[in-house]
Amino acid sequence: MTDIKRVNGHRPTGLLHLLDPSLKLAPHPKQEDLDFDLYKSLDAVVRLTSKIPENAFSAQTLGTEREGNAVLISDDGLLLTIGYLVVDAYSITIKAYGGKPVPAELIGYNHESGLAIIQTLEPLSVEPIEIGSAENLEKQASVIIAPYGGEHHSISAHVVSCREFAGSWEYMIDRAIFTAPIHPNWSGAALISDDGKLCGIGSLWVNDAETNPKNVSPEIDDDGENNQPKNSPGNMFVPIDLLKPIYEDLVSIGIASGEQRPWLGIYTAEAMSTLFISGVIPDAPADLATVEPGDLIVGINDNDIGNLPDMYRLLWSLGPAGAEITLNLRRDGEAIDIIVNSGSRYSFMEKRNKH
């Protein structure tokens, strides 16, 4: 699958029929093992394709053609998907299993959760899945990862951890769901709990779904080799519970109401307990303040930060979008302070997309 572009574990584009060989080895769900109507739940997952203008805000990192899944959640044609598939899209097409392609439009997007709601412009012949909860999901809980394509493209999986996740793109959620085995068609896929309800939306593939999966301490074997268990790959899902408090806002006004977080427009990587700026979005607040890729972040407003989650918690505690942020950096071995007038990600996207 080397022809499929991936960004930060995203798969914004791809060919759904070129499934990873590991999918053939994974167990598929069977109706006789379940207490709910498997086929009804799987039919609610549709194929999604979108097209994005070349000059759009997200086109450079996510591409102009994207492909994944969406999940029907209401009788009036509302579908839930992962936001990076549809943000900035001028054309969205969905296709239910056994149905015809129909157009849809983006009606709500929330960067803080990563979720988006779209609506079909023609009726679908399938029924919505019932929304559940991920609050009671525990390690080893049985789940189904369900993309478009029915039971043969779905797999029986299990939860390997529920924990905080921080992404390089100024993104963090408190209790992401990590599952195994890995599914190669994760973008916008449904995570279905053992009661047949929707409990998450597929966001990423990760190499550390379960860290130290065997739960053993590092040891040195007879050959002097460190036999520390390696991280295990899997998928990350956004819990459906993040949709519930913002659902009405997304449907009615397109974004969550209330104050917006301060946004800098940087990509931040973490390696060997060091934070460094791996990318700066052109014309974003950090770029206008002359922040550069390669700058090491040692603090914010003279407060030390130890890791990426700490950085986000501090940044977002300093006021709403527009707050003045001082980045304490090291550049070429020298300590420098750069004042960034933070902005709103949503306002920046809207402004960029008008040009």
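Want the number for residue 302 to residue 139: 0.36 nm per residue separation, take away the alpha-carbon distance, what's left?
Going from the current span to full extension adds 54.8 nm.
Go through segment 333-345 residue by residue and turn each phi into a ³J(HN,Hα) via Karplus (6.51, -1.76, 1.60, θ = phi - 60°); whole Hz please, and just put x for glycine and proline.
Per residue, the Karplus-derived 3J(HN,Hα) values read x, 10, 7, 9, 10, 10, 8, 10, 7, 4, x, 9, 4 Hz.
So I have (1) 21.0, 66; (2) 23.3, 99; (3) 19.3, 59, and one of them is Rg and Dmax of the Cα atoms in Å calculated from this model. Which one is it?
Matching entry in (1) 21.0, 66; (2) 23.3, 99; (3) 19.3, 59: (1).
Would you please give the residues with an amide H less than 5 Å from that of residue 143, counting only those at least 5 places away or on a separate chain, with H modeled from the backbone geometry?
The answer is 157, 158, 159.
If amide hydrogens are placed 1.01 Å from N in the peptide plane, which non-local residues have theirs closer than 5 Å to the one on residue 176?
HN-HN under 5 Å from residue 176: 163, 164, 165.
Might you report the magnitude of the Cβ-based charge dipole of the chain about its Cα centre, with Lys and Arg at +1 and Asp and Glu at -1, to the nearest 20 debye?
920 debye
Which number comes out as Rg/Rh for segment 264-329 once both Rg and the Kirkwood Rh are worked out on C-alpha atoms?
My calculation of the ratio gives 0.92.
Pairs of alpha-carbon atoms within less than 8 angstrom and 6+ residues apart define the contacts here; what relative contact order does segment 266-354 have, in percent?
It comes to 25 percent, rounded to a whole number.
Can you show me the helix-derived [θ] at 222 nm for the chain, built from DSSP H runs with n ≥ 4 at -39,500 (n - 2.57) apiece and divided by the number of residues, rounded to the nearest 500.
-3000 deg cm²/dmol
What shape does segment 71-153 have by the C-alpha gyration tensor, where a ≥ b ≥ c are the square roots of the eigenvalues, rounded means a/c under 1.5, and otherwise prolate means a/b greater than b/c and oblate the rest?
Oblate shape, in that a/c is at least 1.5 and b/c is the bigger or equal ratio.
Just report the Cα centroid separation between segment 51-110 and segment 270-323, whole Å.
30 Å
Expected output is a single nm value to one decimal: the length gained when fully extending between residue 324 and residue 40, i.e. 0.36 nm times separation in residues minus the C-alpha distance. What is it?
Full extension from residue 324 to residue 40 adds 97.2 nm.
Step through the residues of segment 184-200 one at a time and calculate ³J(HN,Hα) from phi using the Karplus curve (6.51 cos²θ - 1.76 cosθ + 1.60, θ = phi - 60°), rounding each to whole Hz and writing x for Gly and Pro.
Each residue of segment 184-200 in turn: x, 10, 8, 5, x, 5, 7, 9, 10, 7, 6, 9, x, 9, 6, 10, x Hz.
Report relative contact order for the chain in percent, whole number only (criteria: Cα-Cα under 8 Å, sequence separation at least 6).
Taking the mean separation of contacting Cα pairs over the length of the chain, I get 14 percent.
Would you please give the FRET efficiency between residue 91 and residue 252, computed as 1/(1 + (r/R0)^6) with r the Cβ-Cβ distance and R0 = 25 Å, to the nearest 0.05?
In this case the efficiency is close to 0.60.
Could you order peptides 28-41, 181-194, 242-255 by the average number of other Cβ atoms within 10 Å of their residues, highest first?
Final packing ranking: 181-194, 242-255, 28-41.
What share of the DSSP beta bridges in segment 225-355 is antiparallel, in percent to the nearest 5?
Counting DSSP beta bridges with both partners in segment 225-355, the antiparallel share is about 100 percent.
Values quoted throughout were computed directly from the atomic coordinates according to the rules given, and no laboratory measurement underlies them. These numbers come from a predicted model, not from an experiment. Virtual Cβ from ideal backbone geometry, glycine too; neighbours counted across all protein chains shown.
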